[in-house]
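The values are calculated or read from the model by the stated rules, or taken from the named source; none is laboratory data. Quick caveat, the model's predicted, so the values are computed rather than measured. Here the Cβ positions follow ideal geometry from the backbone for every residue, glycine too, while neighbour counts run over all protein chains shown. Side chains are part of the model used for accessible areas, which takes the heavy atoms of the whole protein and leaves out ligands, DNA and RNA. Shrake-Rupley method; radii C 1.70, N 1.55, O 1.52, S 1.80 Å.
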Amino acid sequence: MLKGRHLIDIMDFSVEEMNEIFELAHEIILRREQFSHVCEGKLLATLFYEPSTRTRLSFESAMIRLGGKVIGFSDAGSSSVSKGESIADTIRVVGCYADIIAMRHPKEGAPKVASMYSPVPVINAGDGGHQHPTQTLADLLTIKSIKGTLSNLKIGCCGDLKFGRTVHSLIKAMSRYEGNSFVLISPKELKIPDYTRKEMDNKNIDYSETDNLEDIISSLDILYMTRVQKERFFNEEDYIRLRDSYILDKGKISRARKDMIVLHPLPRVNEISYEIDSDPRACYFKQVKYGMYVRMALMMKLLGIQ
Ligand code: NCD
């Protein structure tokens, strides 16, 4: 039963529960009109303490397309946080207004704290450099829809694996399906955090690390590109030095398999050159669409709507 639950970490849901969400998302894709009133009378609150366009608008359009309504803020400076209100109090108050809450916060663990005080389901819409479970649901629905499976895939994760929360959640989720392996491609300064590496070792996850995309691109089923997370750097110089580490262009992708797919949570800065957009392997805009459908399915499930 997903009704009334929170989604803070992708591991909060079992594989069966994730599959249930994907099935509902597929049904929504096939029969959109039938779902356009199911959330009538429901209210989503989007509490975004960190800049976002995509994820916030994805949640908002998802709720509106289900017939529900949306309140919230996208700038913590305009909320009572600037008066010194705690997350616990904000959530208790918002929980009196809304039926479900999506929260993004620059501090790791903030949505977890929120869920401890909330009378309604809380969805983590990204917490610092930690986790981003709904992006992962979008990624998995995209992979399942395009590749036809979530198993036996070789996934290359490229870019900022240290601060990139989408990759942290993606590895956790994909390693639960049989036969998947990972190639982690990053400069040494942006390797996955030690706690993630330890988790991977403990679970005997099949992975290797490299700093060279060109050498391994031909072996991949999926290439998951990420942006270097400028806002989490302590100094501009390091950011500028690392920003251009990997740029996927025609030359590099020419070595890849014809059925490899390129994913990216977006926003892109310069890590995928625009010339790639017309390549049939570029699936990052489809991924945006799947993201909205999966959030529709997720909110229906958490609200207990049949
Ligand atoms: C990602 C995020 O916020 O972590 N974007 C998103 O949710 N679509 C990736 C990023 O900002 O680079």
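The table that follows gives values for the structure above.
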quantity	calculated
Rounded accessible area per residue of the chain, 1.4 Å, Å²	44 Å²
Segment 184-288 - percent relative contact order, Cα under 8 Å, separation 6 or more	28 percent
Debye log10 I(q)/I(0) at q = 0.13, 0.20 Å⁻¹ for segment 176-306, Cα point scatterers	-0.70, -1.30
Nearest-20 debye value, the chain charge dipole, Cβ charges on Lys, Arg, Asp, Glu	500 debye
For segment 38-101: rounded, prolate or oblate by the Cα gyration tensor [a/c cutoff 1.5]	oblate
Which of Ile247, Phe234, Pro267, positive extreme of dipole for segment 210-306 (C-beta unit charges)	Pro267
Kirkwood-Stokes translational diffusion coefficient of the chain, alpha-carbon pairs, 25 °C, 0.890 mPa s, µm²/s	124 µm²/s
Solvent-accessible ranking of Lys42, Lys107, largest area first, probe 1.4 Å	Lys107, Lys42
Helix axis angle, 165-174 relative to the chain longest principal axis, alpha carbon, degrees	80 degrees
In Å², nearest 10: area of Val120 left accessible to a 1.4 Å probe	20 Å²
With DNA, RNA and ligands ignored, accessible area of Ser218 (1.4 Å probe; Å², nearest 10)	60 Å²
Charge dipole magnitude, Cβ of K and R +1, D and E -1 - segment 133-288, Cα centre, debye nearest 20	440 debye
Helix axis angle, 133-147 relative to the chain longest principal axis, alpha carbon, degrees	60 degrees
Heavy atoms of Thr226: accessible area, 1.4 Å probe, square angstrom to 10	10 Å²
